[in-house]
Amino acid sequence: MKGYQFSKFLPNELPKGGFDELLKLFTQLLNYTAGDAGEALAWMNELDKQYKFTNNDYGMGDFIEDLKDKGYLKEEDGEVKITAKTEQTIRKSALEEIFGKLKKAGKGNHNSNISGIGEEKNADRREFNFGDSLDQIDMTASIHNAQINHGLGNFTLTERDLEVEEKDYKTLTSTVLMIDISHSMILYGEDRITPAKKTAMALAELIKTKYPKDTLDIVVFGNDAWPISIKDLPYLQVGPYHTNTFAGLELATDLLRRRKTHNKQIFMITDGKPTCLKENGRYYKNSVGLDRKVIGKTLNMAAQCKRLNIPITTFMIAKDPYLQQFVRQFTQINGGRAFYSSLNGLGEYIFEDYIKNRRRTVR
C-alpha cells in the first residue's frame, strides 16, 4: 500500500486554464502516480470539480484530446499510457523546478582545482613561463607591468613583464546515483520516493543537455540491486523490500570500473539503515537495530570504494540519531561526504554537489 503525506492544496497555485498550464499539473501528478496516466487524469478531474480550473471554452475532455493529438498520450490494450515525449517532459519539468532554485553557477563544466593550460579562466595570475600559450597572456596587465617597470618615456616590454592568466581544466565525470526503494521510503505517512526519483530525473536531464560527455548510471536497491534506465524513472515505485546497501554499492562500483573517465563518484539517496545481505542465494535480514554482520560488510564496501578512488556522497533523509551516527562512520571510512537533507532540499543539495565537482581532480 502506498503512503503519501499531503499538504493543503492552495487555490492560487492552480492552473488558470489552457493546455500548457494543465500540462504542468499533469506532469506533476505523474510523479506521484508512478507514471500512471489514468490515475493522474482521475486526480485532475477531482481537482477540477473542487477548484474549477477548466471552463466552458476548454474542458478536461479537450485537454485529454490535446494530450493524444500532441503525442503525450497513447492507448494500448484499452489503457491510456504516457509516451516517450511525456517522459522527457517530466524530466525537463523536474530540471526546471530544481535547477531554477539554485544560484547561477559559472560558465565551466565541472571545474577542477588544477591550474595550468585549461579552458576556464580563474582569478590566479603569475609570471610568464616558457611553454605557456599566447592566449593565456593578459596583455592589459602585461603592458601595465611594463610601464611600471620601465617607465612611460621609452616603452619596453620584456618577458619579465608578461603576466599569465591561469585557467582551470574542465573534467569529465562518471556518476552512479543509488536510490533506496525499500518499504521505509513510504512509511510513516511520508512520501520519500517521489522527491528522490524527481531529483534523479532532473539530474539525468541536466547531464544529457549540459554535460553530454558525462555519464550517469542509476541503481535502485532493496533486497537486491539492479540498474534502471532513465526512461524507467517516472514509473519507479518502492517495494516490500529490506535495504541491501551492500548490493547497491557493489553494483555501482562494478559499473564505474567500466568507465574510462578519471572522475568517478557515487551519490546515494537513502532514509534508513542497511538491513539485508544476500549470501549463497539466500537473504540474511535483520531490521531491528544495526546488525553487526550487515553493517560490517557495508562498511567494508565503503573502504573498498575508497581504495578505488570512488567517493560516496550520502544524502540521508532520516533524522534518527543512531542512523546518522552510522552514516558518519560510513562517510569517514570512505572519505566521502554526507548531507542530512530534508525532502524539500534534496534536489538542490545534489545539484550543487554535482556541479561543483569537488571530489576529485584530473591529474
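Structural remarks
- Count of the range 187-198 residues which are in contact with a helix residue (DSSP H, G or I) (Cβ under 6 Å, 6 or more places away or on another chain), open to solvent by 20 Å² or more (accessible area, probe 1.4 Å) and under 14 Å from THR243 (Cβ atoms): 1
- Test: residue in the range 223-230 that is part of a helix (DSSP H, G or I) and either assigned by the TED database to the domain that holds PRO321 or not acidic (Asp, Glu) (or both): yes
- Filter pass, PHE351 being modelled with pLDDT under 90 and assigned to a strand (DSSP E or B): no
- The range 1-21, residues that are under 27 Å from the mean Cα position of the chain (by Cα) and either modelled with pLDDT of 90 or more or over 27 Å from ARG192 (Cα atoms) (or both): ASP20
- Residue ranges of strands (runs of 3 or more DSSP E) in the range 51-126 with at least 1 members modelled with pLDDT of 85 or more and among the acidic types (Asp, Glu): 73-76, 79-82
- Residue that is modelled with the lowest pLDDT [pool: residues in the range 134-186 that are open to solvent by less than 40 Å² (accessible area, probe 1.4 Å) and out of contact with any strand residue (DSSP E or B) (no Cβ under 7 Å at 6 or more places or on another chain)]: GLY151
- Residue in the range 265-281 that is farther than 25 Å from PHE326 by Cα, open to solvent by 40 Å² or more (accessible area, probe 1.4 Å) and over 22 Å from the mean Cα position of the chain (by Cα) present: yes
The values are calculated or read from the model by the stated rules, or taken from the named source; none is laboratory data. Nothing here was measured: the structure is a model prediction, and the numbers come from that model. With ideal geometry, Cβ positions are generated from the backbone for all residues, glycine too; neighbour counts draw on all protein chains shown. All accessible areas refer to the heavy atoms of the entire protein, side chains included, with ligands and DNA or RNA removed. Shrake-Rupley method; radii C 1.70, N 1.55, O 1.52, S 1.80 Å.
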